[in-house]
Amino acid sequence: MSQNHDEVLGQLKEKFDAIGQDVNVHLQGLLHSKPITYWDYIQTDALLSLQTQRTTQPDEMVFIMYHQVNELLFKMILWEIDQVADEETITTDFFAMKLGRISRYFDMLSSSFEIMGEGMEVEQYMKFRNTLTPASGFQSAQYRLIEFASTELINLIDARFRETIDRNTPFTHAYDHLYWQAAGKDHKTGKKSTLIKLFEERYMDDFIVFMQKYNTTNLWTKYQALPEKDRKDLKLQNAMRHYDHTVNVRWVMSHLNAAAKYLESGKKKAEATGGSDW
């Protein structure tokens, strides 16, 4: 049921009075505002201008757009995780609902790997991928943030070094022994690959701050902090299990299977695409 004119004006006055604003000024501004359009709201022109190829291979455009879609979905996932982390009095229904949203985004990511596996010609991919070295999807900072926000930091530490790290360990030391460091670091010499160096120059300081925040507010810790009755809630348990499976099994295997087509296409089986370390 629509509200009457005076009631709406009264509510608007209360809203703007609360922040020290004159409602009449805002209403006068509406006289000159333009109607919103889909393309302005979504910023379609800006979004569609972000695809820049480095080669003449047509399928490179598929590769670029696919990864940009991934990053948008990663942002959606982090948006939901942030709300769980910041919720002080969390309920099982709220927790399960947010996990359901996150899992659906990851389910979409997993199923979309068919685009990578079947949506590009191998010959084209092998040509344009070599121009991207040393860049790698490994360098998706948002995916690393999702990892930090999902579980306790110790679970992301290379198994060889977990005994040397506890909650009193400096975050910089823990960061240097994350499991994915093994892909670009020689632990005997301490020498890091260009891929890792560039990644750290751009993101390490941000990662450290993020790790500190989510050290006590990650999804697993939030679950563990619930009362025992809530932890045994079947709906929430199933939501936790689904998230675990879709991220740690389905997503990983879908990624591997899609990459395998290109890794095994040459005369000599490669360990990674584009000559990367990951």
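The values are calculated or read from the model by the stated rules, or taken from the named source; none is laboratory data. Quick caveat: nothing in here was measured; it's all calculated off a predicted structure. SASA here: full protein model, heavy atoms, side chains in, ligands and nucleic acids out. Shrake-Rupley method; radii C 1.70, N 1.55, O 1.52, S 1.80 Å.
Structure shown: which of Lys75/Lys222; Lys127/Lys197; Lys235/Lys261; Lys185/Lys213; Lys98/Lys213 lie over 28 Å apart, alpha-carbon to alpha-carbon?
Values: Lys75/Lys222 20 Å; Lys127/Lys197 25 Å; Lys235/Lys261 38 Å; Lys185/Lys213 26 Å; Lys98/Lys213 19 Å.
Over 28 Å apart, Cα to Cα: Lys235/Lys261.
How much length would be gained if the chain were fully extended between Glu123 and Asn24, taking 0.36 nm per residue of separation minus their Cα-Cα distance, in nm to one decimal?
Residue separation times 0.36 nm, minus the Cα-Cα distance, leaves 29.3 nm.
Ignoring ligands and nucleic acids, what accessible area does Arg101 show with a 1.4 Å probe (Å², nearest 10)?
80 Å²
Calculated from the structure, Kirkwood radius over Cα pairs in Å equals which of (1) 20.0; (2) 22.4; (3) 19.4?
Comparing each candidate, only (2) matches the computed number.
Return the long-range amide H neighbours of Leu178 (sequence gap of 5 or more, or a different chain), with a cut-off of under 5 Å between placed amide H atoms.
Close amide H contacts, sequence-distant or interchain: Asp158.
For the chain, what is the relative contact order in percent, using Cα pairs closer than 8 Å and at least 6 residues apart in sequence? Could the numbers behind the result be given before it?
Values: 229 pairs, mean separation 72.7, N = 278.
Computed value for the chain: 26 percent relative contact order.
Under a 1.4 Å probe, what is the accessible area of the range 99-202 per residue, stated in Å²?
On the way: 5310 Å² over 104 residues.
Accessible surface, normalised per residue, equals 51 Å².
Using alpha carbons only, how many angstrom separate the centre of the range 53-107 from the centre of the range 113-187?
If you average the Cα positions of each part, the centres end up 17 Å apart.
Name the most mobile residue of Glu228, Glu14, Glu114, meaning the one with the largest mean-square fluctuation, in a Gaussian network model of the chain with Cα contacts below 10 Å.
Glu14
Given only helices, namely DSSP H runs of n ≥ 4 each adding -39500 (n - 2.57), what is the per-residue ellipticity at 222 nm of the chain, to the nearest 500 deg cm²/dmol? Walk me through the intermediate numbers first.
On the way: 15 runs with 163 residues, N = 278.
The helix contribution divided over the chain gives -17500 deg cm²/dmol.
Suppose a student asked you for the relative contact order of the range 1-105, using Cα pairs under 8 Å spaced at least 6 residues apart; what percent would you report? Working shown, then result.
On the way: 29 pairs, mean separation 14.9, N = 105.
Averaging sequence separation for qualifying contacts and normalising by length gives 14 percent for the range 1-105.
On the accessible surface of the chain, probed at 1.4 Å, how many percent belong to carbon and sulfur atoms?
Working: 9750 of 17600 Å².
About 55 percent, which is the carbon plus sulfur part of the accessible surface.
Between the range 15-47 and the range 215-245, how many Å separate their Cα centres?
40 Å
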